[in-house]
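The values are calculated or read from the model by the stated rules, or taken from the named source; none is laboratory data. All values reported here derive from a predicted model rather than from experimental measurement. Glycine gets a Cβ as well: all are built from the backbone with ideal geometry, and neighbour counts include every protein chain shown.
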Amino acid sequence: MSDLWQGPLEKIDDHRWRIPKSYKAGMRVDGVIYADEKLLKDIRHDKAAEQVANVAFLPGIVGASLAMPDIHWGYGFPIGGVAATDIERGGVVSPGGVGFDINCGVRLVRTHLTLAEVRPKLKTLVAGLFSAIPSGVGAHGAIKATAKDEAEILLKGAAWAVRKGYGVAEDLEMTEDRGAMEGADPEAVSDRAYERGKAQSGTLGSGNHFCEVQAVEEIYDEETAEVFGVRAGQVAVMVHSGSRGLGYQVCDDSIQTMLKCLTKYDIHVPDRQLACAPVDSPEGGRYLAAMRGAANYAWNNRQCLMHLVRSVFERVFETSWQKLGMSLVYDVAHNIAKIEDHAVEGRKRRLCVHRKGATRAFGPGHPDLPSKYAKTGQPVIIPGDMGRYSYLLAGTTTAMEQTFGTTCHGAGRLKSRQEAKRTVDYQKLFKELEAKGIVLMASSRATVVEEAPSAYKDVNDVVEVVHRAGIARRVARMRPMGVIKG
Amino acid sequence: MKRFEFIEHTADVAVRVYGGSLKELFTSAALAMFAVLVAKKKNKPEASLTEISVEKKAESLEDLLKAWLDELLFHYSAKGHVLRRIKALNVEEGQMQGAVLMDCFDPEHYEAKNEIKAVTYHGLKVENIRNRWRAYILFDV
């Protein structure tokens, strides 16, 4: 992208930059981007900052239209965008503020295994994972769910998988919202959405979705790491997937409805992809009911994927997953809208918090967290790229005060897919990964090239900003050993 | 005359499509979308193809174009149908009708490329410039 974004970015402090609401007529609040000078340069290279300003048009928005340091150009909302609207003051919900992949998210499973124990069996393990986990376009799940099951999945989320024996009750305890949001309505989901999601439970998908075997290489906070159950040299597995075709269709259906709401409720937004409706309108309510169903589908999907991962480890290491210590550290959503209570100008307000490529980062003492994490704040899982590292962070009180309990979600793209195709050679990349001891298996070479490490910002830089700004704190860093891509 | 070209976009796939008529424009858009989704390895005989008819109405050409692409994307993502040939297509302001031949995806004949989650409204535009049609479309991948 040759044209730099020329809008105003006023320095608030070393980690925050303001787009004043005077920038564009119609902005109701300022835009605030979390970044340092280095990341800010990249941010000016596309139109993400303009999208932060556009989100500030949403009726009922409070605080500021926020963006995390992994911000990049999306459609409607930027990826890395966060917006909270006050429900009692005409606050809206926008499907574009959640995105097509509703409850795309990540889970981290720890093991008792060490790097030295896994290394000799790594190739067998990765091949086993690749064959057990359906990935890529059109993949059908190994998990069989009937039409009746689908409705139950939308209502009960990951609890469906646990009932079927694909996990244990403790897994639910360690999942955001215990793996199911209340208020889902299977009737609010269209037949087309059901059809697109049919037989996709327990499938990874393509694009940036992955399953990675990782080694914990650095601990930043021993005490918290101990509570999270991670230690240096230990092997863990990270799974990144979402609500598959079902969620994509729910979002698309809702945007079409919400476009009509712009006229009906006299709402003015600068991008049709920001179509929205008041949270307490019939259309807003229906979207949230369908979105929650899709979110529950995604939690169930990641629970099924974890079951497949555990089964492969059991076969390769010839013992039960319990003996291998394969407990879930946590599961977080990073594309979601939630009704939450937050303090706004000193008063508790009921807000609709949109996190579009951003992770909930509730701090110590929040009542929604499992008791195990009451003192540490919630685990926040940040995937990086397939060649470098990923992070485990913890939520903070500062995040509760500044960002509606939210932090970044990943590295954030740097290069377009076109540019990645022009600059990355598959064979060379494969060899580079091999030299680092990383075993890669993928359904599509094109996807691997587009998802190459060089296409992403350095997740170190992103995590550095959220850590210094205090909206999450570093606990551990993991590096990839085995990568499965769609 | 080129039918479509991909444009730089950080996270997703943006494409500009062209046509001398609305029929050509809609054809180009369908071809561009399937160029993102799959690459053909080998031909299959036409006898094995499924014919699908599409009829859409919309207030604007943008919405009509999206409705057409949405329909084809649904067949691909829910049923694994790959576009092989547009048999008939009629597009005018407000409505379109078409008949397309679709193949069943299988890894022997096709390579799956990107998964398109949706055809977005972001920057979606259909224009007539000096008697030629062009459109900008952003696919979420």
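Would you confirm whether any residue within segment A:285-305 is touching a residue at least 40 places away in the same chain (Cβ under 8 Å), surrounded by fewer than 22 Cβ atoms within 10 Å (Cβ to Cβ) and assigned to a loop (DSSP other than H, G, I, E, B)? No, segment A:285-305 contains no residue that is touching a residue at least 40 places away in the same chain (Cβ under 8 Å), surrounded by fewer than 22 Cβ atoms within 10 Å (Cβ to Cβ) and assigned to a loop (DSSP other than H, G, I, E, B).
Among the residues of segment B:75-93, the ones that are β-branched (Val, Ile, Thr) and either outside any strand (DSSP E or B) or away from every other protein chain (no Cβ under 14 Å) (or both) come to 2 in all.
Could you please find all residues in segment A:1-58 being hydroxyl-bearing (Ser, Thr, Tyr) and modelled with pLDDT of 95 or more? Walk me through it before giving the result.
Applying the first criterion (hydroxyl-bearing (Ser, Thr, Tyr)) to segment A:1-58 yields A:2, A:22-23, A:34.
A:SER22, A:TYR23, A:TYR34 - these are the residues of segment A:1-58 that are hydroxyl-bearing (Ser, Thr, Tyr) and modelled with pLDDT of 95 or more.
Does A:GLU217 satisfy the criteria of being out of contact with any Leu (no Cβ under 7 Å at 6 or more places or on another chain) and either under 30 Å from A:HIS467 (Cα atoms) or assigned to a loop (DSSP other than H, G, I, E, B) (or both)?
Values: out of contact with any Leu (no Cβ under 7 Å at 6 or more places or on another chain): yes; either under 30 Å from A:HIS467 (Cα atoms) or assigned to a loop (DSSP other than H, G, I, E, B) (or both): yes.
So A:GLU217 passes the test.
The residues listed here are A:ALA180, A:ALA158, A:ALA193; of these, the one that is over 30 Å from A:GLU117 (Cα atoms) and within 14 Å of chain B (Cβ to nearest Cβ) is A:ALA193.
Tell me, yes or no, whether segment A:142-156 has at least one residue that is in contact with a strand residue (DSSP E or B) (Cβ under 8 Å, 6 or more places away or on another chain), of a type outside the set (Phe, Trp, Tyr) and buried (at least 20 other Cβ atoms within 10 Å of the Cβ).
Scanning segment A:142-156, I find no residue that is in contact with a strand residue (DSSP E or B) (Cβ under 8 Å, 6 or more places away or on another chain), of a type outside the set (Phe, Trp, Tyr) and buried (at least 20 other Cβ atoms within 10 Å of the Cβ), so the answer is no.
The helices (runs of 4 or more DSSP H) falling completely within segment A:33-121 that include 1 or more residues that are touching a Phe, Trp or Tyr at 6+ places or on another chain (Cβ under 6 Å), closer than 18 Å to A:VAL344 by Cβ and in contact (Cβ under 8 Å) with a residue 24 or more places away in the chain map to A:48-55. Applying the set (1) surrounded by fewer than 22 Cβ atoms within 10 Å (Cβ to Cβ); (2) closer than 18 Å to B:VAL54 by Cβ; (3) at pLDDT 95 or above to B:GLU93 leaves exactly one unmet item: (3). Taken as a whole, segment A:474-482 holds no residue that is closer than 18 Å to A:ASP221 by Cβ and not in a strand (DSSP E or B). The single condition among (1) surrounded by fewer than 21 Cβ atoms within 10 Å (Cβ to Cβ); (2) among the polar types (S, T, N, Q); (3) more than 23 Å from B:LEU37 (Cα to Cα) that A:SER94 does not meet is (1).
In segment A:397-423, the qualifying residues are those that are part of a helix (DSSP H, G or I) and of a type in the set (Val, Ile, Thr), and the one that is nearest to the other protein chains (Cβ to nearest Cβ) is A:THR423.
Can you work out which of the residues in segment B:42-62 that are among the polar types (S, T, N, Q) and not in a helix (DSSP H, G or I) is surrounded by the fewest Cβ atoms within 10 Å (Cβ to Cβ)? Can you show your working first?
Within segment B:42-62, the first condition is being among the polar types (S, T, N, Q), and the residues that meet it are B:43, B:48, B:50, B:53, B:60.
Cutting the leftovers down to not in a helix (DSSP H, G or I) gives us B:43, B:50, B:53, B:60.
Details: B:ASN43: 9, B:THR50: 13, B:SER53: 11, B:SER60: 12.
Step by step, filter segment B:42-62, then rank; the result is B:ASN43.
Per the listing B:SER28, B:SER48, the residue uniquely over 23 Å from A:PHE100 (Cα atoms) and modelled with pLDDT of 95 or more is B:SER28.
Taking A:ARG231, is it among the basic types (Lys, Arg), in a loop (DSSP other than H, G, I, E, B) and farther than 27 Å from B:VAL36 by Cα? Yes: the conditions hold for A:ARG231.
Might you check whether a residue that is part of a loop (DSSP other than H, G, I, E, B) and away from every other protein chain (no Cβ under 14 Å) occurs anywhere in segment A:199-212?
So in segment A:199-212, the residues part of a loop (DSSP other than H, G, I, E, B) come out as A:199-209.
Right, trim to away from every other protein chain (no Cβ under 14 Å) and you get A:201-202.
Yes.
The residue of segment A:15-28 that is nearest to A:ALA472 (Cα to Cα), among those that are of a type outside the set (Phe, Trp, Tyr) and out of contact with any helix residue (DSSP H, G or I) (no Cβ under 6 Å at 6 or more places or on another chain), is A:ARG16. Selection of first residues in segment A:265-284 that are of a type in the set (Ser, Thr, Tyr) and of second residues that are in a loop (DSSP other than H, G, I, E, B) and surrounded by 18 or more Cβ atoms within 10 Å (Cβ to Cβ), restricted to Cβ pairs under 9 Å at least 6 apart or on distinct chains, gives the following pairs, ordered by first then second residue: A:TYR265/A:PRO59; A:TYR265/A:CYS276; A:TYR265/A:SER281. It is to be established whether one or more residues within segment A:103-125 are within 14 Å of chain B (Cβ to nearest Cβ) and crowded, with 23+ Cβ neighbours inside 10 Å. Checked segment A:103-125: at least one residue is within 14 Å of chain B (Cβ to nearest Cβ) and crowded, with 23+ Cβ neighbours inside 10 Å. The residue that is farthest from the chain's Cα centre (by Cα), counting only those in segment B:1-30 that are within 9 Å of another protein chain (Cβ to nearest Cβ) and surrounded by fewer than 20 Cβ atoms within 10 Å (Cβ to Cβ), is B:GLU8. Give just the number: which of (1) out of contact with any helix residue (DSSP H, G or I) (no Cβ under 9 Å at 6 or more places or on another chain); (2) at positive phi does A:GLU88 not satisfy? Status for A:GLU88: all satisfied but (2). Of the strands (runs of 3 or more DSSP E) lying entirely inside segment A:310-393, the ones with 2 or more residues being small (Gly, Ala, Ser) and closer than 21 Å to A:LEU66 by Cα are found at A:335-344.
One residue stands out among those in segment A:417-448 that are closer than 15 Å to A:PRO480 by Cβ, in contact with a strand residue (DSSP E or B) (Cβ under 9 Å, 6 or more places away or on another chain) and of a type in the set (Gly, Ala, Ser): the one that is surrounded by the most Cβ atoms within 10 Å (Cβ to Cβ), which is A:ALA442.
Is it the case, given these coordinates, that A:SER390 is polar (S, T, N, Q), in contact (Cβ under 8 Å) with a residue 24 or more places away in the chain and surrounded by fewer than 24 Cβ atoms within 10 Å (Cβ to Cβ)? Quick ask: steps written out before the conclusion?
Numbers: polar (S, T, N, Q): yes; in contact (Cβ under 8 Å) with a residue 24 or more places away in the chain: yes; surrounded by fewer than 24 Cβ atoms within 10 Å (Cβ to Cβ): no.
So A:SER390 fails the test.
Within segment B:94-141, track down each residue that is of a type outside the set (D, E, K, R), touching a helix residue (DSSP H, G or I) at 6+ places or on another chain (Cβ under 8 Å) and assigned to a loop (DSSP other than H, G, I, E, B). Break it down stepwise before answering.
Quick first cut of segment B:94-141, residues of a type outside the set (D, E, K, R) only: B:94-102, B:104-105, B:107, B:109-110, B:112, B:114, B:116, B:118-124, B:126, B:128-129, B:131, B:133, B:135-139, B:141.
So of that shortlist, the ones also touching a helix residue (DSSP H, G or I) at 6+ places or on another chain (Cβ under 8 Å) come out as B:94-96, B:98, B:100-102, B:104-105, B:112, B:114, B:116, B:118-122, B:124, B:126, B:133, B:135, B:137, B:139, B:141.
Matches in segment B:94-141: B:GLY94, B:PHE105, B:ASN114, B:ILE116, B:THR120, B:TYR121, B:HIS122, B:LEU124, B:VAL141.
For (1) surrounded by fewer than 21 Cβ atoms within 10 Å (Cβ to Cβ); (2) within 11 Å of chain B (Cβ to nearest Cβ); (3) in contact with a Lys or Arg (Cβ under 9 Å, 6 or more places away or on another chain), each residue gets a yes or a no:
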site: A:THR224; (1), (2), (3): no, no, yes
site: A:VAL239; (1), (2), (3): no, no, yes
site: A:SER243; (1), (2), (3): no, yes, no
site: A:TYR248; (1), (2), (3): no, yes, yes
site: A:LYS260; (1), (2), (3): yes, yes, no
site: A:LYS264; (1), (2), (3): yes, no, no
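Looking only at segment B:99-132, residues that are more than 9 Å from chain A (Cβ to nearest Cβ), farther than 20 Å from B:GLY80 by Cβ and within 15 Å of the chain's Cα centre (by Cα) come to 2 in all.
The residues in segment A:260-299 that are in contact with a helix residue (DSSP H, G or I) (Cβ under 6 Å, 6 or more places away or on another chain) and of a type in the set (A, V, I, L, M) can be counted, and the count is 7.
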